[in-house]
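Participant: Below is one structure. I have some questions about it.
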Amino acid sequence: MAYSRIIFPLLLFICYTLNSEPAQQANSVSVKFTVITHAAPKDSTVRITGNQPEIQSWWPTGTKLDKINDSVWSITFQFKPGTTIEYKFNLGSWETEALNRDSSVPQNSVMVVRGDTDLVVHIDAWKNSRIIRAPGKITGTVKYFRGMKGKGIKPRDVIVWLPPSYGTDAGKRYPVLYMQDGQNLFDPATSFTGVDWQLDEAADSLMRAGRIEDIIIVGIYNTSDRTREYSNTKLGRAYMNFVVGKLKPFIEKKFRVLKGRDNAAVGGSSMGGLISLMLVWNYPRIFSKAACLSPAFHIEKINYVSEIRKYDGPRLPLRIYADVGTKDLDSVLEPGTREMVDLLKEKIVDPERNLELYIAENAAHNESAWAGRNWRYLEFFFGKK
């Protein structure tokens, strides 16, 4: 098997890990895998295989998970702290391996064992099996634009969430928040983990409570090139050109929006947090605000802090929100997040008015954690005076 990842890159190897504690002085720790799937044929057996002897060293039939009910399977292993596990799921052979939501063959999932871990995986498609997806739930009105094309990048869907007043106040115009990983924002049925950010519920509640302005939220779906599109690469620059040169003008023509940089914000998590900062940094006349949740500012070969450090001009009229948890992958991202915020505070933005850092104690790197912090950047950017 080729060593690679299922959706995120190796540097984001524990995106799914929940309730993991730092490595302890112990001979072994437990790792529990739970698979939730409504797409497997009735009499199937869900199996795991991978690079460790406990999971059959890539033998196709792997190790059978215990059936909890018709849609939930589970198994627990013991591993030494520090063990790197690569794995995949199938129904007994590579002809029935788990697929990505778009029916493409995934790369290997990767995790490093830090402590007792409960890992939950939602699988909506299996090779040679009918795809079944759980019903979605979205609060409010959304519009879909399928297969939008950009020069040098893959086509992608775009979802636009409209505030409650959009259909009742025909003369009103709105600021816009452009968010990365659009399929994960509003609908659990399209989120790759089966858990969405609940950004629709959060925004709707804050607006109805009078705590933030009414806004439009644009969710930009990612593609299989997500890592390179969300980083300082040729694809990353092509993606930014798409957002600035095609998508934003399209939204401004299609919907009643307030134009101008002060009414345009961007946001995202992990690599999406990095590209959001890159968008305001490279296009400060287009965007004025960036929400960077659990951002990959400086980790392994990625170091955007060094790019910002080259700047030697006056402070910029940018508003930056950054946060990070303290568990699992977020504990690895925390030093780079603090490093970037310290640099921004020192020489880039007004630290009293335009910079906010929140450390989410015991929060991990997942959609549930980010959902719990939506209100912070929404109020920081769009809060009513």
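The values are calculated or read from the model by the stated rules, or taken from the named source; none is laboratory data. Values in this document were obtained by computation on a predicted structure and should not be read as measured data. Ideal geometry is used to build each Cβ from the backbone, glycine not excepted, and the neighbour counts take in all protein chains shown. Accessible surface areas use protein heavy atoms only, side chains included; no ligands, DNA or RNA. Shrake-Rupley method; radii C 1.70, N 1.55, O 1.52, S 1.80 Å.
Participant: For the range 354-369, does any single residue satisfy the condition of being among the aromatic types (Phe, Trp, Tyr), in contact (Cβ under 8 Å) with a residue 24 or more places away in the chain and under 16 Å from residue 274 (Cβ atoms)? Break it down into steps so the answer makes sense when it comes.
Facilitator: Here is the first cut: in the range 354-369, the ones among the aromatic types (Phe, Trp, Tyr) are 358.
Filter once more, keeping what is in contact (Cβ under 8 Å) with a residue 24 or more places away in the chain: 358.
Okay, now just the ones that are also under 16 Å from residue 274 (Cβ atoms), so none.
No, because not a single residue in the range 354-369 is among the aromatic types (Phe, Trp, Tyr), in contact (Cβ under 8 Å) with a residue 24 or more places away in the chain and under 16 Å from residue 274 (Cβ atoms).
Participant: Take residue 112 and decide whether it is of a type in the set (A, V, I, L, M), modelled with pLDDT of 80 or more and either farther than 30 Å from residue 146 by Cβ or surrounded by fewer than 19 Cβ atoms within 10 Å (Cβ to Cβ) (or both).
Facilitator: yes
Participant: Out of 311, 321, which single residue is of a type in the set (Phe, Trp, Tyr), in contact (Cβ under 8 Å) with a residue 12 or more places away in the chain and over 30 Å from residue 118 (Cβ atoms)?
Facilitator: Numbers: 321 fails: over 30 Å from residue 118 (Cβ atoms).
Testing whether each residue is of a type in the set (Phe, Trp, Tyr), in contact (Cβ under 8 Å) with a residue 12 or more places away in the chain and over 30 Å from residue 118 (Cβ atoms) leaves just 311.
Participant: From 160, 121, grab the single residue that is at pLDDT below 90, part of a strand (DSSP E or B) and open to solvent by less than 20 Å² (accessible area, probe 1.4 Å). Reasoning before the result, please.
Facilitator: Details: 160 fails: at pLDDT below 90.
After ruling out the rest, the residue left standing is 121.
Participant: If you take the residues in the range 265-313 that are charged (D, E, K, R) and farther than 20 Å from residue 225 by Cβ, which one is surrounded by the most Cβ atoms within 10 Å (Cβ to Cβ)?
Facilitator: First, the residues of the range 265-313 that are charged (D, E, K, R): 285, 289, 300-301, 307, 309-310, 312.
Checking which are farther than 20 Å from residue 225 by Cβ leaves us with 285, 289, 307, 309-310, 312.
Numbers: 285: 8, 289: 24, 307: 14, 309: 15, 310: 6, 312: 6.
So, considering only residues that are charged (D, E, K, R) and farther than 20 Å from residue 225 by Cβ, the one surrounded by the most Cβ atoms within 10 Å (Cβ to Cβ) is 289.
Participant: Oh, and also: Under 7 Å between Cβ atoms, which residue pairs at least 6 apart in sequence (or on different chains) link something in the range 64-86 that is over 15 Å from residue 114 (Cβ atoms) and free of Cβ contacts under 8 Å to residues at least 24 places away in the same chain with a partner that is surrounded by 12 or more Cβ atoms within 10 Å (Cβ to Cβ) and of a type in the set (Lys, Arg)?
Facilitator: 64/47
Participant: Of all residues in the range 1-55, which are at pLDDT below 50, closer than 15 Å to residue 119 by Cα and open to solvent by less than 50 Å² (accessible area, probe 1.4 Å)?
Facilitator: Correct list: 6, 12, 13, 14, 15, 16, 17, 20.
Participant: Moving on. Is there a residue being of a type in the set (Phe, Trp, Tyr) and crowded, with 21+ Cβ neighbours inside 10 Å anywhere in the range 314-335? It would help to see each step written out before you state the result.
Facilitator: Taking the range 314-335 first, the residues of a type in the set (Phe, Trp, Tyr) are 321.
From the residues that got through so far, the ones that are crowded, with 21+ Cβ neighbours inside 10 Å too are 321.
Yes: one or more hits.
Participant: If I ask for residues that are of a type in the set (Asp, Glu) and touching a strand residue (DSSP E or B) at 6+ places or on another chain (Cβ under 6 Å), which ones from the range 340-374 would you list?
Facilitator: 356, the sole residue that qualifies.
Participant: Additional query: When you check residue 215 against the structure, is it modelled with pLDDT of 95 or more, among the β-branched types (Val, Ile, Thr) and farther than 27 Å from residue 302 by Cα, yes or no? Write out each step before concluding.
Facilitator: On the way: modelled with pLDDT of 95 or more: yes; among the β-branched types (Val, Ile, Thr): yes; farther than 27 Å from residue 302 by Cα: yes.
Taking the combined requirement at face value, the residue satisfies it.
Participant: Let me ask something additional. Take residue 189 and tell me if it is assigned to a helix (DSSP H, G or I) and either in contact with a strand residue (DSSP E or B) (Cβ under 9 Å, 6 or more places away or on another chain) or touching a residue at least 12 places away in the same chain (Cβ under 8 Å) (or both).
Facilitator: Values: assigned to a helix (DSSP H, G or I): no; either in contact with a strand residue (DSSP E or B) (Cβ under 9 Å, 6 or more places away or on another chain) or touching a residue at least 12 places away in the same chain (Cβ under 8 Å) (or both): yes.
Taking the combined requirement at face value, the residue does not satisfy it.
Participant: Have a look at 333, 279 and point out the one that is at pLDDT 95 or above and under 16 Å from the mean Cα position of the chain (by Cα).
Facilitator: Values: 279 fails: under 16 Å from the mean Cα position of the chain (by Cα).
Of the residues listed, the single one that is at pLDDT 95 or above and under 16 Å from the mean Cα position of the chain (by Cα) is 333.
Participant: Which of the residues spanning the range 174-190 are of a type in the set (S, T, N, Q) and surrounded by fewer than 21 Cβ atoms within 10 Å (Cβ to Cβ)?
Facilitator: In the first step, residues of the range 174-190 are kept if they are of a type in the set (S, T, N, Q); the result is 180, 183-184, 190.
Hit for the range 174-190 is 183, nothing else.
Participant: While we're here: When the residues of the range 336-360 are narrowed to those that are touching a Lys or Arg at 6+ places or on another chain (Cβ under 9 Å) and not hydrophobic (A, V, I, L, M, F, W, C), which ends up surrounded by the fewest Cβ atoms within 10 Å (Cβ to Cβ)?
Facilitator: Step one: of the range 336-360, the residues touching a Lys or Arg at 6+ places or on another chain (Cβ under 9 Å) are 343, 347-351, 353-360.
Going one step further and asking which of them are not hydrophobic (A, V, I, L, M, F, W, C), we end up with 347, 350-351, 353-354, 356, 358.
On the way: 347: 15, 350: 14, 351: 16, 353: 9, 354: 20, 356: 18, 358: 15.
It comes out as 353.
Participant: Please list, ordered by first then second residue, the pairs with beta carbon atoms under 7 Å, 6 or more apart or interchain, first in the range 326-348 and within 18 Å of residue 360 (Cβ to Cβ), second open to solvent by 20 Å² or more (accessible area, probe 1.4 Å) and part of a helix (DSSP H, G or I).
Facilitator: Note: pairs meeting the criteria are 326/334.
Participant: Turning to a different aspect of this structure: With the structure loaded, tell me whether residue 126 is surrounded by 13 or more Cβ atoms within 10 Å (Cβ to Cβ) and touching a Gly at 6+ places or on another chain (Cβ under 8 Å) or whether it fails that test. Quick ask: steps written out before the conclusion?
Facilitator: On the way: surrounded by 13 or more Cβ atoms within 10 Å (Cβ to Cβ): yes; touching a Gly at 6+ places or on another chain (Cβ under 8 Å): no.
When the stated conditions are applied, residue 126 does not pass them.
Participant: Looking at 369, 322, 363, which one is small (Gly, Ala, Ser), assigned to a strand (DSSP E or B) and either within 26 Å of residue 177 (Cα to Cα) or touching a helix residue (DSSP H, G or I) at 6+ places or on another chain (Cβ under 7 Å) (or both)?
Facilitator: Working: 369 fails: assigned to a strand (DSSP E or B); 363 fails: assigned to a strand (DSSP E or B).
Exactly one residue qualifies, and that residue is 322.
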